[in-house]
Amino acid sequence: MTERRGRITVLKVAQPPPAVAVEYTTVATNRGRSPFPPIQPYTLPHPHDSPPQDPPLQPGPEAAYKNTLSAAETACYDVAMEENHIDIADLNTRSVMQGVAAVIRDETGRYLMILRAQHLILGGWWCFPGGGVQDGESQAEALERELREELDIAVESGEPIWSWTREDRLLSVTFRWAKHRGGEIQCNPDEVQKARWMSPGEIRTLDHVLPNNLQLLEKIERL
């Protein structure tokens, strides 16, 4: 269904799996025209059902950013909205949201990956550990804090590898090299189901891994 909030139209699509209801929220701006032109909604698959599929493109600038995104990328945006406590009505004036992810590689070439807690949006998806950059934090500080919170380990942030930006330019995630400096991995159940060291080949066989994480592997292999 749709809900009008001033110049914002909120499209709400819910597709719950058994016993779990998850609502995906996307936004389209009218760019000041009146009356509002019709916007055709589309259905996002729940992340537990199948790997993400790109939704069909639709005409019109109001929904153009939404139509370029995969289901997983749209859900990534919802995660950022939730974790940063952003009011959807503020989107016209918000600057890009910043995230950071740690790329930790051991001596055998395996990477540290986490499985998001089941109760979270994108629960059951694999990704590199990390999270949002808070006000006043550098990327390095945010990365080190997130790894303490998620896995109870000390890491040292290294050089950035690649920055991924959503098509709507409201969310950017920087992947950075990091070194494990201390502590035994202990998953915080509020955020992480499990953590595993995986080879690039093992990561690519996972049913649910965030698409930009796979893009990162390709970029690392070309370095």
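A few remarks follow.
- The amide H of Gly99, built 1.01 Å from its N in the peptide plane, has Val133, Ser172, Val173, Thr174 as neighbours under 5 Å, considering only residues 5 or more places off or on other chains.
- Rounded FRET efficiency, nearest 0.05, which uses the C-beta distance separating Ser95 from Glu159 and R0 of 35 Å: 0.90
- For Val155, residues with placed amide H under 5 Å, excluding near neighbours: Arg181
Where a number appears in this text, it was derived from the coordinates with a stated rule and is not lab data. Keep in mind it's a predicted model, so treat the numbers as computed, not measured. Quick reminder, even Gly has a Cβ in these numbers, built from the backbone with ideal geometry, and neighbours come from all protein chains shown.
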